[in-house]
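Written below as structure tokens is the structure these notes are about.
The numbers here are math on the coordinates, done by the rules we state, and not lab data. In this text, all values refer to a predicted model and were calculated from it rather than measured experimentally. With ideal geometry, Cβ positions are generated from the backbone for all residues, glycine too; neighbour counts draw on all protein chains shown.
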Amino acid sequence: MIEKIIEIKDKIGFHARTSSLFAKKASTFQAEIFIEFNDKKGNGKSTLSLMTLGVKSQDVIKICANGTDEIEALESLEELIKNNFKS
Amino acid sequence: MGPAFILKENTSLKIIKSKISSINSEIKHLKNALLIAQAKTLDIREKMIDSLSNEEIKIYDAHLEILKDPELEEKTINFIKSNSCNADFAVHKVTAEYTKILNGLGDPYISARADDIIMLSRMLILILQKKEENKIILNIPSIIVADSITTNQLSSIDKNFILGIVTSHGGPTDHVAILSKALGIPSLVGLDNMISKIKDGSLLVIDSKKAQLILNPSTFYLKKINLIILKEKQESSIQLKESHNNATTKSGTSIEINANIGSLNDIKKAKSFGADGIGLFRTELCFLDSEKFPDENMHYSIYESILKEFPKVKHTIRLLDFGSDKPLSYLNNTKEENPALGSRALRLGFKYYDNLLKPQIRALLRLSNLFNIHILCPMIASEEDWIQIKERIIFEFNQLNNEEIKIDHLPRIGIMVEIPNVAFRPEYYVKNADFFSFGTNDLAQFLMAADRTNDSVSNYLSQSKESILILIKNFTELAHREGKEVGVCGELASDEKCLAYFLNIKINSLSMPPSLIPKIKNEIRNTI
């Protein structure tokens, strides 16, 4: 398993649209993806789960990936966040 | 205006926890219900696709996504397993948990999604209990009055029977509010207690302009309202019907009537008001809220999302015209005494070339493979200015092709004629640029030495009309000899008194705010 800590730069954070984009991207990988934030753990492939975390702009989250394509998954999700969810 | 139709509370749901014989068959029921709900949502989406824009159709995509959410399914299955209970009870409990958390975040956008979950949960429970939602049947066109109404309920009613919607709950970011707006249905949401005073069948008036609901209006008020409605209806129906045709005078002179835009909303209006194309896209308006220099992909995605609303027409896109009058956090520009005469538009663009102009030019070139893009260069003051920008665009074009991002052909590149030094001497430019657009607002302020943002001198501007018309005429004659098109995109373009003159000198196009197009087209058709 690998993990990475990253800051959300998007103006609003994990709201409906960004959660959905993240979950969609995460779902393209075989690896399990989890987000840790404020002692809560969310399923990275679930829009609902991501929304319930309440991640706001400038918040720092931890992304964990576990599976054969975990490196690619983490890189690609990191890029998505860095590009403010514009793929 | 219309009679109230009080929407009754829906079929009340009885969700009782009961022991079940087989966990596996309950899980099967759940999976099946999720698939049925997805199919129903897809069905509604198809039904609405013609009346909504891409943005609004996304509401249904969001519903689908919730229904396909892996965690929702997993949690519900786990609930069934650990409680050995019925699937509808599990759905109820799990979705209630989600909505509680989402509402607790205190974010209006997220709360609106919580409402979606409540609606979808209801849908799933009804499917599991083999029940149907009460059908809303309107016999006469009515104003729907309800505590709240879901997007699915709204989608199930014949739109021709909905005169308006008023609800006691909800806010402007609700999906229902967004949908009704998109469908052109007047709506007032979040009226609270007022709703309880309305009786079924009583007459209501929604005044959208004032955002007011009038209960039991007086006869005098009704007469007044009726006259206004009638007049507006007549005018707008005639305008809309005709505005989608070309504007041709009685003697057969045609002229393109284009729209000035700066946003997604503007281009939607341009399309619905019958513009022939986009005559001026003020790109800087897309980035006023931006916190950093927009990069190439940002330019690309914003323009793409706007242009695809009205794809098959000519798009004249002006390069960024920022100046020191628009304070931008990422531009470290010093305050200038006269921003209109200062470091703005391409002057600023070249100062920050790599961060400002280059990404925009590259994005526009890439988009030219998909759309009929014409690049319009603002604030050209001299031959030197023109050579510099044209060479840069050609350079970026070659660069992209070297990077194997194949650009089919170089788009047409034109000049915004707004500085007198160019307007007076068309000879050089008509040979070297592909098209011209007169920006009469800036041209007027430069000709009259009167700041157009300064109220105490702006009365001078209108007095430049004669001179500007002469400049346009001379320029157009020479441009036409070279086979180049000339348009007008400032305020003069929608000045009815100038129309005959423009037609006479065979101006190729006029560009104006979308809402003025039907009137101007109508005027042209009535010209000999």
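Would you mind checking B:17/B:135; A:40/B:268; A:45/B:358; A:4/B:308 for any pair whose Cα atoms are more than 31 angstrom apart? Display every interim value, and only then the final one.
Working: B:17/B:135 27 Å; A:40/B:268 42 Å; A:45/B:358 37 Å; A:4/B:308 37 Å.
As for pairs spanning more than 31 Å Cα to Cα, those are A:40/B:268; A:45/B:358; A:4/B:308.
If you fit an axis through the alpha-carbon atoms of helix A:16-27 and take the longest principal axis of the Cα set of chain A, what angle between them do you get, 0 to 90°, nearest 10?
So the inclination is approximately 0 degrees.
Note the count of lysine pairs whose C-alpha atoms are less than 15 angstrom apart in the stretch B:374-528, limited to pairs 8 or more residues apart or on different chains.
9
Please determine, in degrees from 0 to 90 and to the nearest 10, the orientation of helix B:357-367 with respect to the longest principal axis defined by the Cα atoms of chain B, where the helix direction is its Cα long axis.
Between the helix axis and the principal axis of chain B, the angle is about 70 degrees.
Label the protein assembly as shown by shape, choosing from rounded, prolate and oblate, from the square roots a ≥ b ≥ c of the eigenvalues of the Cα gyration tensor; if a/c is under 1.5 it is rounded, and otherwise prolate applies when a/b is larger than b/c, oblate when it is not.
Details: a/c = 2.55, a/b = 1.48, b/c = 1.72.
Here the protein assembly as shown falls in the oblate category.
Mind pulling the angle between the C-alpha long axis of helix B:87-104 and the longest principal axis of chain B? Nearest 10 degrees, somewhere in 0 to 90.
Result, in degrees: 50.
Among all the lysines, which ones have a C-alpha under 22 Å from residue B:224's C-alpha, if same-chain residues fewer than 8 places away are not counted?
Reachable lysines: B:209, B:210, B:233.
By count of other Cβ within 10 Å, fewest leading, how are B:123, A:1 ordered? Could you put the intermediate results ahead of the total?
Working: B:123 21, A:1 10.
If I rank by nearby Cβ atoms, fewest first, I get A:1, B:123.
Just how far, in whole angstrom, is the stretch A:22-87 from the stretch B:179-225 if you go by their alpha carbon centroids?
Centre-to-centre distance over Cα atoms comes out at 45 Å.
According to the Kirkwood expression over distinct Cα-Cα pairs, how big is the hydrodynamic radius of the stretch A:2-82, in Å?
Values: mean 1/r = 0.0828 Å⁻¹.
The answer is 12.1 Å.
Report the net charge of residues surrounding residue B:213, where surrounding means a beta-carbon distance below 11 angstrom and charges are Lys +1, Arg +1, Asp -1, Glu -1. Provide the component values of the computation, followed by the final result.
On the way: positive: B:197, B:210; negative: B:207.
That works out to +1.
Using the count of nearby Cβ atoms within 10 Å as a rough guide to exposure, how do B:298, B:512 rank from fewest to most? Could you put the intermediate results ahead of the total?
Working: B:298 20, B:512 25.
Fewest-to-most ranking of B:298, B:512: B:298, B:512.
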